[in-house]
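The structure appears right after this line, and notes come after that.
Nothing in this text is a laboratory measurement; each read-out follows from the coordinates by a stated rule. No experiment lies behind these values; they were computed from the predicted model shown. Please note: Cβ atoms are built from the backbone with ideal geometry, for glycine as well, and neighbour counts cover all protein chains shown.
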Amino acid sequence: MPDVILKAEELVKHYPIKTGVVRRTTGKVRAVDGVSFELHRGETLGVVGESGCGKSTLGRLLMRLEEPTSGHLDFDGVDMYAQKGRDMDRMRRDIQIVFQDPYTSLDPRMTVGDIIAEPFKIHPDVVPARKRKERVRELLDLVGLSPEHINRYPHQFSGGQRQRIGVARGLALNPKVLILDEPVSALDVSVQAQVVNLLDHLQRELNLSYVFIAHDLSVVRHISDRVAVMYLGKIVEIGDDAQIYEHATHPYTQALLSAVPVPDPVVEESREQIVLTGDVPSPANPPKGCRFHTRCWKATEKCKTEVPLLQLRGDGQGQHLSACHYAEALK
């Protein structure tokens, strides 16, 4: 079995809804509502879904930037949520994050050198003070930027270059895992390809493990070994690249895949298009039973009352985990 470096078990994050003058709690937003998965050493797990499905909240839970409502997270065999103080600080070296927007995630008042070197101030024993500038130059070169740009400011770089700076900052402490929260969604398509290729190269070079959060399935397919599909705070389907893209069994995944454009006009004209009706329900008041039943063309009375379990569906090599009472691949 592959070596598991990150294991999430029934992660839950609910945000209270407070109303009135006395700010009384009247409900809760179920941003993440029972998510379990494993990340293997050296692999990329893609997490996809529509906006508001809980992907970014999940990423923050994995970094412990948010405290969970309940659930467990083991990092390299250690319970992350049980760590405190210096023990948690040491664990943070091994799991870093690259944020979505390269235009707001870099401090405009700091030089690139100071931005990348900032983790060394928090963890001074990683690189001696006299060698930090040299290490920053190495990181700039590693991500494809000129070391001579160390004294420039973020506004002097393009979007793709800024995201490379964010990646360099994430690599400063030699982490084992990178959480990539929609790292290319704010970039032009051609620049997206450059950043994805860079991430692919760095993973092989440094033996990194990635959790790649995105809403663009074509980008996720290019970089991911396995894919988890989220809907309203839950994982509804998870499997390896071929299982999800060629043998998807959950109606939501099938609908997402049908919306991905195909460059061949003949294939595009002949393939089945799935158009979902209605809007995504509010995570403050999710539907009972299967959360997708309000938009699903397969829904029956059973779907409205019984929550489908995430279990093995499909046949042969296409068999993988899916949460649907009537899961089957499209013909």
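Nearest 10 degrees is fine. How inclined is helix 159-171 to the longest principal axis of the chain, computing both from alpha carbons? Helix 159-171 and the main axis of the chain meet at about 80 degrees. Within the listed set VAL29, VAL143, VAL275, the Gaussian network model of the chain (springs between alpha-carbon atoms below 10 Å) gives the highest mean-square fluctuation for VAL275.
Counting helices only, and only those DSSP H runs with n ≥ 4, report the 222 nm mean residue ellipticity of the chain as the sum of -39,500 (n - 2.57) divided by its residues, in deg cm²/dmol to the nearest 500.
Value at 222 nm, helices only: -9000 deg cm²/dmol.
Considering only HIS320, GLY113, ASN174, the residue lying farthest towards the positive end of the dipole of the chain is GLY113, judged by Cα position with unit charges set on Cβ.
Each Cα pair under 8 Å and six or more residues apart adds its separation to the average, and for the chain the resulting relative contact order is 19 percent.
Could you work out the Kirkwood radius for the range 1-160, taking every pair of different alpha carbons, averaging 1/r and inverting it, reported in Å?
Values: mean 1/r = 0.0537 Å⁻¹.
About 18.6 Å, per the Kirkwood formula over Cα pairs.
Put a plus charge on the Cβ of each Lys and Arg, a minus charge on the Cβ of each Asp and Glu, and nothing anywhere else: the dipole of the range 127-243 about its Cα centre is then about 740 debye. Evaluated with a Cβ-only charge set (Lys, Arg +1; Asp, Glu -1), the chain carries a dipole of roughly 1380 debye about its Cα centre, given to the nearest 20. Using a simple spin-label model with pseudo-atoms 7 Å out from Cα toward Cβ, LYS133 and GLN311 lie 6.4 nm apart.
Selection among LEU257, THR300, ILE17 by position relative to the dipole of the chain gives ILE17 as farthest towards the positive end (Cβ unit charges, Cα centre).
Couplings for the range 114-119, taken from phi via the Karplus curve 6.51 cos²θ - 1.76 cosθ + 1.60 with θ = phi - 60°, read 5, 4, 6, 7, 4, x Hz in order; Gly and Pro are left as x.
Would you give the gap between the C-alpha center of the range 155-182 and the C-alpha center of the range 254-331, rounded to a whole Å? If you average the Cα positions of each part, the centres end up 34 Å apart.
Under 20 Å of direct C-alpha separation, and excluding same-chain neighbours fewer than eight residues apart, LYS302 reaches these lysines: LYS234, LYS288.
Estimated from the Cβ-Cβ distance and a Förster radius of 35 angstrom, the FRET efficiency linking ASP141 and GLU67 is about 0.40.
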